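Each remark here refers to the structure printed beneath this line.
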Amino acid sequence: MELTRYLYNGPPSAATLRVGESRELLDVQLSPGMPAELPPEHEYTLVLLELQHLELLPAETKRAAKTTPAPPKVEKE
């Protein structure tokens, strides 16, 4: 199942969607101003887009993990 990130700008809402070939259930909780991951071709997503309740978010990029610099090596004389 492929999900796309959107910014939700409608009223608080929740839905259970049947997705994929196996028709598995996907529970979604939608809150105004919060990101939501929805299947892009699903009828529910298309209706929310038509109502202008969804705004496509840029693809999320993975950041490199923060690393702690190693302590300086102390040379023994």
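Points to keep in mind about this one:
- Within segment 45-58, residues that are of a type in the set (A, V, I, L, M, F, W, C) reach partners that are part of a helix (DSSP H, G or I) with beta carbons closer than 9 Å, at six or more positions or on different chains, in the pairs LEU54/THR45; LEU54/LEU48; LEU56/LEU49.
- Taking residues in segment 17-43 that are without any contact (Cβ under 8 Å) to a residue 12 or more places away in the chain, and partners anywhere that are surrounded by fewer than 17 Cβ atoms within 10 Å (Cβ to Cβ) and among the β-branched types (Val, Ile, Thr), the pairs with Cβ atoms closer than 6 Å and at least 6 places apart or on different chains are LEU25/THR16.
Values quoted throughout were computed directly from the atomic coordinates according to the rules given, and no laboratory measurement underlies them. Quick caveat: nothing in here was measured; it's all calculated off a predicted structure. Glycine gets a Cβ as well: all are built from the backbone with ideal geometry, and neighbour counts include every protein chain shown.
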